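The values are calculated or read from the model by the stated rules, or taken from the named source; none is laboratory data. Treat the numbers as computed from the prediction; the structure is a model and nothing was measured. In this analysis, Cβ positions are derived from the backbone assuming ideal geometry, glycine residues included, and neighbour counts consider all displayed protein chains. The protein model used for the area step is the full one, side chains on, heavy atoms only, and it has no ligands, DNA or RNA in it. Shrake-Rupley method; radii C 1.70, N 1.55, O 1.52, S 1.80 Å.
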Amino acid sequence: MSSSDSVSAAVSMRFDAAPGALSGTVEVPGDKSISHRALMLSALAVGRSRVEGLLEGEDVLATAAAMRAMGARIEREADGIWHIDGVGVGGLLQPQTALDMGNSGTSTRLLMGLLASHDLTATFVGDASLSKRPMGRVIDPLSQMGAEFTASPGGRLPLTMRGTVPAVPITYRLPVASAQVKSAILLAGLNTPGITRVIEPIPTRDHSERMLTGFGAHINISNNADDERVIEVEGEVELRSMNIKVPGDPSSAAFLLVAALIVPNSIITVRNVTMNPTRAGLVTLLENMGGKIIRKNPRFLGGESGEIVYDLQVMHSVLTAIEPDPAAVPSMVDEFPVAFVAAALAQGRSVFRGLHELRVKESDRITVMADGLRSIGARVEEIEDGLVIDGTGGEALEGGATIATHLDHRIAMSFAVAGLASRKGVTIDDMRPVATSFPGFVDLLRALGAGV
Ligand code: S3P
């Protein structure tokens, strides 16, 4: 949500046990990560790009507004297709006012990268949630490339950066597994002479690499002797405009998949969801818990460097406990809140570890989920890097409580789903944050038969 909106009234809502089963075929909005990148790279290309299926959530609209403020022409046609006239690599202009990033960490970190190799000064501001999140992870590598930063204490927003031309190409080994940090450096590398190189000890979502390839950037991906992924981008190469079809967001589909798994007799299909392996961790986890999920009609959107999509059919299932491999964390990093809900209804003890990064998302998702789940009757123990959850074995949760969402869309949606499998319903104190990533969430749940 935009920082100015945070003063408007909260919208609380109660989610009750679904009166019957959930059923139907639906689509979720476009993928958030891909939508941000589509706007940013189109804005840097030469010529007019066309984007279909763009996520029209507040986070992505914050990116659009920022790119417009720096000279790109971005228009939405009546048919929902977006057209972007780019300014060419290195052609972004000095923004006249602060860039309002709202709730969006992805907009902030990727744009910091993009602007680091431009001759301009930009100030980034955001809402209360974003202003708590660490930016040091991008400030460090971008400073090595020559950009200068004045940040709030702890390396936080509001911050002002001064980009530099020419920037210095670096080789940077990621100290945290973060696609945002990787992408920030690669985007900075686009207007930097020579080769900018990122080493990824643990692979993270690869949408930037795929889309850069599509736009004609010179990208080279290999594995080093330690089997770490090495991504190189050659700077000062022109990007050519593209037609992009954005697939459905697996991080949004996640809520519907878990809802169908835990509400008895449900069977639903979510069409057109990307199952890029770097994003498919939750579906694999749910399958390993005994969830009946059928992946149908695989097809590529946008050729070989594009994204693979499936229609996912999912049925109510008896779930069993799980101990996910910490190496799989990046492939489902945003899906843990709703995975915890699935575990709370499974048979046995689930142990989630290696989740430090969840503490610096839109909220501290370990503590907030532990407190919320306990308040609706789940048995949960918080540990430093995760949660231990003793599931009900399929019995509905007690419910009855009101959940504080802390400006975190995924907390709101996870507990909405938990409400559908509770005896007394679950009230969400503020549903407004859902508009950052999943406009239409409540209508979709209603259409499937949920009690809202
Ligand atoms: C994103 C990467 C992830 C994810 C975020 C989107 C991206 O963040 O949580 O919602 O689009 O690159 P990290 O890279 O910080 O893990």
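In table form, for the structure just shown:
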| item | result |
| --- | --- |
| Globularity index of the range 316-452, i.e. its alpha-carbon radius of gyration over 2.2 N^0.38 Å | 0.98 |
| Computed [θ] at 222 nm, helices only, for the chain once each DSSP H run of length n ≥ 4 contributes -39500 (n - 2.57) | -8000 deg cm²/dmol |
| Theoretical FRET efficiency, 1/(1+(r/R0)^6), r = Cβ-Cβ of Ala447 and Glu236, R0 45 Å, to 0.05 | 0.40 |
| Of all accessible heavy-atom area on the chain, the percent that carbon and sulfur account for (1.4 Å) | 50 percent |
| Peptides 409-422, 119-132 ordered by average Cβ neighbours within 10 Å, highest first | 409-422, 119-132 |
| Where labels lie 7 Å past Cα in the beta-carbon direction, separation of Asp140 and Arg423 in nm | 4.9 nm |
| Mean accessible surface per residue for the chain, computed with a 1.4 Å probe while every protein chain stays in place, in Å² | 35 Å² |
| Gain on full stretching of the segment that runs from Thr150 to Arg162 - 0.36 nm per residue minus C-alpha separation | 3.4 nm |
| Built amide H within the under 5 Å cut-off of Glu56, gap 5+ | Gly30 |
| Stretch gain in nm, segment Ala21-Ala98, where the contour uses 0.36 nm per residue and the Cα spacing is subtracted | 22.9 nm |
| Packing-based ranking, highest mean first, of 430-436, 251-257, 324-330 given that Cβ atoms within 10 Å are counted | 251-257, 430-436, 324-330 |
| Centroid-to-centroid separation of the range 136-198 and the range 57-105 [C-alpha atoms, Å] | 20 Å |
| Computed E for His218/Glu395 - FRET, C-beta separation, R0 45 angstrom, nearest 0.05 | 0.20 |
| In nm, spacing of pseudo-spin labels at Val360 and Gln347 (7 Å Cα→C-beta vector) | 4.0 nm |
| Extension gain from Asp227 to Ile195, taking 0.36 nm per residue of separation minus the Cα-Cα distance | 9.5 nm |
| Segments 367-377, 394-404, 53-63, 224-234 sorted - mean Cβ within 10 Å per residue, highest first | 53-63, 367-377, 394-404, 224-234 |
| Backbone HN-Hα couplings from phi across the range 278-288 [Karplus 6.51/-1.76/1.60, Hz, Gly and Pro as x] | 6, 10, 9, x, 5, 4, 4, 4, 5, 4, 5 |
| Spread of Cα-to-Cα distances over 20 Å intervals beginning at zero, given as percent, for the chain | 27, 58, 16, 0 |
| The chain - charge dipole about Cα centre, Lys and Arg +1 at Cβ, Asp and Glu -1, debye rounded to 20 | 360 debye |
| Förster radius 60 Å - calculated FRET efficiency between Asn243 and Ile383 (Cβ-Cβ, nearest 0.05) | 0.80 |
| Radius of gyration and Dmax over the Cα atoms of the range 193-244, both given in Å | 11.9, 37 |
| Spin-label pair Arg76/Arg48, simplified geometry with 7 Å Cα→Cβ offset, distance in nm | 1.9 nm |
| Antiparallel %, DSSP beta bridges [both residues in the chain], to 5 | 75 percent |
| Degrees separating the helix 365-375 axis from the principal Cα axis of the chain, which is the longest one | 20 degrees |
| DSSP bridge pairs, the range 32-245: antiparallel proportion in percent, nearest 5 | 75 percent |
| Debye, to nearest 20: dipole size of the range 1-92, +1 on Lys, Arg Cβ, -1 on Asp, Glu Cβ | 280 debye |
| Cα-based Rg / Dmax (Å) for the range 32-245 | 15.8, 51 |
